[in-house]
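Coordinate-derived values only; no laboratory data. Because the structure is predicted, anything quoted here is derived from the model rather than measured. Cβ coordinates were reconstructed from backbone atoms using ideal geometry, including for glycine residues, and neighbour counts include every protein chain displayed.
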Amino acid sequence: MKRAALTGVKVLDLSRLVAGNMATLQLADFGADVIKVEQPKVGDPLRQWRKGNLDLWWREYGRNKRSLALNIKTQRGQELLLSLVRRADILVENFVPGKLEELGLPHCRFLIENSRLVILSISAWGQDGPYRNRPGFGTLVEATSGLASMLGFADGPPTLPPIPMADMITGIYGAFSALTALRHRDATGEGQIIDLSLLEAIYSVLGPVAAEYERTGRYPKRNGNRSTNSSPRNTYPTSDGKWIALSASTPKMAEKLFQLTGLGDLLDDERFATNEARVRNGDETDRIVADALGKFTLDELMRRFDEAGVAGAPVYEVPDFVTDPHVKARGILAEFDDPELGAYRMHAPLPRMSATPGRIRAQGPRLGEHSAAILEESLGLTPQEILSLAREGVVGQ
């Protein structure tokens, strides 16, 4: 078995819900020892994202981590946390700015205990600015960033993503920034604080919308599936009641599509001859393309597209994706065998690395599952001391 890239890296994860868990998931998948510090009897709220009795969000995004149930609102709990801080490389937290100070645990106290520590501080709005104390979740920054105003159809309301998109993107930024800071720490011995907001993370993927507005007065608005940069770009129904997605992002791709579907004459029509013209005449472009594609089944179209090198893809639902032969061949889903649930699948570690691949060692742990082992192995506490802490409500097991 190949050595994991982050073997020896010690992470304390005080975060809750998605963004922090996404960040530490990346680190844990590649070998970091991630200790998930959770409030006894309560735990990470992500554990409550259930379908019936299935806590699948936690099992997947809490994987490869160890759970320490520790009440950091108590003096003894804080002492134990600081003892772990002295041994850590990275600390991740997503408290509302100012909350750690209220608890008596400001960032500077962590750095006093360990000047080499990298602190990843995730919040909705950032550590400063007029909104810093405003409660926030990914949904809210997806609205304020402008993303929701761009999603949906022109005659419909602003539309929010059905997934925690801002959190997921922030988590990936979080893992990247923590490792960047760790590289600096290893070179200089200097730890640092990373101020990462969900608002900035989600805005960063919207494209040059500020520059476009400032230079032209225009900005993206709700336009359904269409793009202001290329056409045709949409989903189209097929004759067998399914859907196909197209993206003619280059002139050559549009030309191939039109020739293949019997629409070659459009290339001689000034309304459709160029990408700019097709974007301008989007309604008519979509109507013509939909009529042409609607004569074929999805399988017929995909076979013809693959043979001609036309960019198209089936619009899948989850059952289609999990049974797709390409998904199977790539190992996009990794199987985990749980004694209670049986075998189930989750996304495999990303990215794929030839020398140091990630690995799923365990699913998300029970709350406090590793409390005793962590306190005994890392801090040298005896079983009797741990039992006493549990009776006092400082530690959960």
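So what's the angle, to the nearest 10 degrees on a 0 to 90 scale, between helix 165-188 and the longest Cα principal axis of the chain?
The angle comes out near 50 degrees.
From Cα coordinates alone, what are the radius of gyration and Dmax values for the chain in angstrom?
Answer for the chain, Rg first and Dmax second: 25.4, 85 Å.
When N is the residue count of region 119-195, what does its C-alpha Rg come to as a fraction of 2.2 N^0.38 Å? Write down the numbers at each step before the final one.
Values: Rg = 16.1 Å, N = 77, 2.2 N^0.38 = 11.5 Å.
Output field value: 1.40.
Which pairs break 26 Å Cα to Cα here: 36/99; 36/328; 252/328? Each step should come with its number before you reach the end.
Values: 36/99 19 Å; 36/328 32 Å; 252/328 31 Å.
Over 26 Å Cα-Cα: 36/328; 252/328.
Starting with the highest mean, order 12-18, 322-328 by the number of other Cβ atoms within 10 Å, averaged over the residues of each peptide.
Highest to lowest by the protection proxy: 12-18, 322-328.
Amide H neighbours of residue 118 under 5 Å, counting only residues 5+ apart in sequence or on other chains, H built in-plane at 1.01 Å?
The list, which skips near neighbours in sequence, is 90, 91, 192.
Could the peptides 66-75, 80-89, 376-385 be put in order, highest first, of the mean number of other beta-carbon atoms found within 10 Å of their residues?
66-75, 80-89, 376-385
Taking N as the number of residues in region 1-108, what is its alpha-carbon radius of gyration divided by 2.2 N^0.38 Å?
Numbers: Rg = 14.2 Å, N = 108, 2.2 N^0.38 = 13.0 Å.
Its radius of gyration relative to the 2.2 N^0.38 Å reference: 1.09.
What 222 nm value per residue comes from the helices of the chain, counting each DSSP H run with n ≥ 4 as -39,500 (n - 2.57) and dividing by all residues, nearest 500 deg cm²/dmol?
On the way: 18 runs with 158 residues, N = 397.
Computed mean residue ellipticity for the chain: -11000 deg cm²/dmol.
Rounded to whole Å and ordered largest first, report the semi-axes of the equivalent ellipsoid of region 263-397 derived from its Cα gyration tensor (root of 5λ).
Each semi-axis is the square root of five times an eigenvalue, giving 58, 18, 15 Å.
Largest first and in whole Å, what are the equivalent-ellipsoid semi-axes of region 51-138 based on the Cα gyration tensor, each being the root of 5 times an eigenvalue? All intermediate terms of the calculation are to be shown ahead of the outcome.
On the way: eigenvalues 110, 84, 34 Å².
Its equivalent ellipsoid spans semi-axes of 23, 20, 13 Å.
Have a look at region 233-322 and give its Rg and Dmax from the Cα atoms, expressed in angstrom.
That works out to 12.9, 43 Å for Rg and Dmax.
Between 0 and 90 degrees, rounded to the nearest ten: what's the tilt of helix 298-308 against the longest Cα principal axis of the chain?
Once rounded, the angle reads 80 degrees.
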